[in-house]
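Below is one structure, written out as structure tokens, with a few remarks after it.
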Amino acid sequence: MKTGIIVYSHTGHTKQAAELLLDSLRARGRDCELLEVTVSNPKPEANASRIQWTNKPDVEAFDQVVFASPVWGFSLSGVMKAYLESLSSLKGKKVSLFVTHQLPLPWMGGNAAVRQMKKICEDRGGQISAHAVVSWGEKRREQDLAAMVSRLS
Ligand SMILES: Cc1cc2nc3c(=O)[nH]c(=O)nc-3n(C[C@H](O)[C@H](O)[C@H](O)COP(=O)(O)O)c2cc1C
């Protein structure tokens, strides 16, 4: 069973969280790799319809996929939205999801972003197995990160 963690991270938080998950999965003996979605747009939040991909990972080789993204404007980041929408099929794959955001509570953008990710993945045949919302605010960060790693490991 091969797991791919596919992360988009603009300022590094989501990648940091994904690396914690990678370490946890590997410590449990899972065959796992982390791949980054990258773009060359200087302001990717400004024009999600004109994304210039510099790395667009292929999920074909994975039985299980974790998608991770920041929240932008109380919603899923435009880059992850465009990336997920570009996938032709997730049929037969177990899919887990997490997002990071700044505000303290999950309903301040995190839950909505997860709902968007679920819908796009389910429309492509993915079977959602777990999800988590991580607040990067100082009060919640450590506990939310631990809960995400535990839920998705
Ligand atoms: C364009 C933009 C919009 C954002 N909108 C929100 C928001 O609606 N709610 C929130 O809690 N955080 C928001 N944030 C903060 C990010 O979601 C948060 O810092 C996240 O952890 C960044 O992840 P990254 O470092 O992986 O890019 C926004 C950040 C940016 C750059």
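Bear in mind these aren't lab numbers, they're just calculated from the coordinates by the rules spelled out. The shown structure was predicted, so the numbers you read here are calculated from the model rather than taken from an experiment. Note: ideal-geometry Cβ built from the backbone for every residue, glycine included; neighbour counts use all protein chains shown.
Would it be correct to say that Ile51 is touching a residue at least 12 places away in the same chain (Cβ under 8 Å), touching an Asp or Glu at 6+ places or on another chain (Cβ under 9 Å) and within 22 Å of Ala113 (Cα to Cα)? Even if it seems obvious, please write down each step before you answer.
Working: touching a residue at least 12 places away in the same chain (Cβ under 8 Å): yes; touching an Asp or Glu at 6+ places or on another chain (Cβ under 9 Å): no; within 22 Å of Ala113 (Cα to Cα): yes.
No; evaluated as a whole, the condition is false for this residue.
Would you call Gln102 closer than 21 Å to Val133 by Cα, within 15 Å of the ligand (Cβ to nearest atom) and more than 13 Å from the chain's Cα centre (by Cα)?
On the way: closer than 21 Å to Val133 by Cα: yes; within 15 Å of the ligand (Cβ to nearest atom): yes; more than 13 Å from the chain's Cα centre (by Cα): yes.
The answer is yes for Gln102.
Considering only the range 27-50, how many residues are more than 28 Å from Gly73 (Cβ to Cβ), charged (D, E, K, R) and surrounded by 14 or more Cβ atoms within 10 Å (Cβ to Cβ)? Write out each step before concluding.
Applying the first criterion (more than 28 Å from Gly73 (Cβ to Cβ)) to the range 27-50 yields 27-33.
Filter once more, keeping what is charged (D, E, K, R): 28, 30-31, 33.
Next, from what is left, pick out any that are surrounded by 14 or more Cβ atoms within 10 Å (Cβ to Cβ): 30, 33.
Number satisfying all stated conditions: 2.
If you go through the range 122-134 one residue at a time, do you hit one that is without any contact (Cβ under 8 Å) to a residue 60 or more places away in the chain and acidic (Asp, Glu)?
Yes - at least one qualifying residue is present in the range 122-134.
Against the definition (closer than 20 Å to Ala112 by Cα and either assigned to a helix (DSSP H, G or I) or within 16 Å of the ligand (Cβ to nearest atom) (or both)), how does Thr38 come out, yes or no?
Working: closer than 20 Å to Ala112 by Cα: no; either assigned to a helix (DSSP H, G or I) or within 16 Å of the ligand (Cβ to nearest atom) (or both): yes.
So Thr38 does not fit the description; no.
Here's the yes/no breakdown for (1) of a type in the set (Phe, Trp, Tyr); (2) in contact with a strand residue (DSSP E or B) (Cβ under 7 Å, 6 or more places away or on another chain); (3) within 29 Å of Gly137 (Cβ to Cβ):
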{"residue": "Val39", "(1), (2), (3)": "no, yes, yes"}
{"residue": "Ala48", "(1), (2), (3)": "no, no, yes"}
{"residue": "Gln64", "(1), (2), (3)": "no, yes, no"}
{"residue": "Ser69", "(1), (2), (3)": "no, yes, yes"}
{"residue": "Ser88", "(1), (2), (3)": "no, no, no"}
{"residue": "Val95", "(1), (2), (3)": "no, yes, yes"}
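When you check Val65 against the structure, is it more than 8 Å from the ligand (Cβ to nearest atom), within 15 Å of the chain's Cα centre (by Cα), in a strand (DSSP E or B) and in contact (Cβ under 8 Å) with a residue 40 or more places away in the chain, yes or no? Let's see the steps before the verdict.
Working: more than 8 Å from the ligand (Cβ to nearest atom): yes; within 15 Å of the chain's Cα centre (by Cα): yes; in a strand (DSSP E or B): yes; in contact (Cβ under 8 Å) with a residue 40 or more places away in the chain: yes.
Answer is yes for this residue.
Filter the range 107-130 for residues that are within 12 Å of the chain's Cα centre (by Cα) and more than 12 Å from Leu76 (Cα to Cα) and give the result.
Cys121, Ala130 - these are the residues of the range 107-130 that are within 12 Å of the chain's Cα centre (by Cα) and more than 12 Å from Leu76 (Cα to Cα).
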